[in-house]
Amino acid sequence: MDKLMLIGDGDAQVGMKNHFPFVDVPKPERTKQTKAVIKQSKQIELVELLQTIDELYNRREREYKYVAIDLIQANYKRFTIKEMIQFVDYFKIDSWWETVDTLRVPFGKFILLHPEETMTIFDLFNGNDDFWMRRVAITLQLSFKDKTDTSLLETAILPDLTTDEFFIQKAIGWALRDYSKTNPTWVRNFIQKNELSKLAVREGSKYL
């Protein structure tokens, strides 16, 4: 694939709470500029695709990481567990909620497509010292509806009940709120029998 260069409004600016540099390309414009690249990615050899994803994700400006994630998302059906394991390292590069949460999506889609790999994927994140990785374990089954494995959901949540990290408590509430749309009784019982943070309860019980 040709080397992608996004065209922004100027030089890279520091954004996202002054954490990261940006090219300054809004999402609609980024989507427009990368449409052909995403389409082409589905036709190239897997080795070249993986190289392109890695090169983009390791660039300095934030938008290139978004494009790398878009490429993973567009091609997740082509990947095996081997490739998915390789992508796990990206969660640790300049971690923040927007990359962590969007990169989590193809992992969820992958295990829906390959349920036999669920535990392999889950164990990559669950119990990790890095709270961003544990956030992925907690939110891995978002939108799974009746395919949600509640034992895995409990396994991911329970060790972090008293963790004071905002992004963990928000993830617990988010996961419970999402599943409450499918099984409100289970979520209500889970909240009642466990001592959750006020944030997790507020978020998790929104639709109860």
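The values are calculated or read from the model by the stated rules, or taken from the named source; none is laboratory data. What you see is a predicted model, and the numbers here were worked out from it, not measured in a lab. Every residue, glycine among them, receives a Cβ derived from its backbone with ideal geometry; neighbour counts consider all protein chains shown. In case anyone asks, the SASA skips ligands and DNA or RNA and just uses the protein heavy atoms, side chains included. Shrake-Rupley method; radii C 1.70, N 1.55, O 1.52, S 1.80 Å.
Structure above, values below:
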item: The chain: most fluctuating residue of Asp130, Asp89, Asp160 per GNM, C-alpha cutoff 10 Å; result: Asp89
item: Highest-fluctuation residue, Pro26, Pro106, Pro115 considered, GNM on the chain with Cα pairs under 10 Å; result: Pro26
item: Relative contact order of the chain, defined on C-alpha pairs under 8 angstrom at six or more residues apart (%); result: 12 percent
item: Straight-distance crosslink candidates among aspartates and glutamates, where the alpha carbon sits under 12 Å from Lys198 and sequence neighbours closer than 8 are dropped; result: Asp164
item: Farthest toward positive dipole pole in the range 1-134 [+1 Lys/Arg, -1 Asp/Glu at C-beta], among Pro115, Pro28, Gln73; result: Pro28
item: Cα lying deepest toward the dipole's positive end in the chain, options Ile168, Ile53, Tyr207, charges on Cβ; result: Tyr207
item: Filter on Lys42/Lys181; Lys65/Lys206; Lys145/Lys206; Lys27/Lys82; Lys82/Lys145 - keep pairs with C-alpha separation over 23 Å; result: Lys42/Lys181; Lys65/Lys206; Lys27/Lys82; Lys82/Lys145
item: Structure-derived Cα extents along the principal axes in Å - corresponding label in [x] 55, 39, 29; [y] 44, 44, 33; [z] 50, 38, 27; result: [x]
item: Whole-percent carbon and sulfur share, accessible surface of the chain, 1.4 Å; result: 50 percent
item: Mean separation of Cα contacts under 8 Å (6+ apart) over length of the range 97-194, as relative contact order %; result: 24 percent
item: Theoretical ellipticity at 222 nm over the chain - DSSP helices of four or more residues, -39500 (n - 2.57) apiece, nearest 500; result: -18000 deg cm²/dmol
item: Degrees separating the helix 166-180 axis from the principal Cα axis of the chain, which is the longest one; result: 70 degrees
item: Prolate/oblate/rounded call for the range 79-179, Cα gyration tensor, a/c under 1.5 rounded; result: oblate
item: Exposed-loop-free span, longest in the chain, where GluC sites (Glu not before Pro) count as exposed if DSSP calls them loop and at most 12 other C-beta atoms lie within 10 Å; result: 46-194
item: C-alpha long axis of helix 27-41 to longest principal axis of the chain, angle in °; result: 70 degrees
item: The range 15-115: projected area of the alpha-carbon convex hull, averaged over directions, in nm²; result: 6.3 nm²
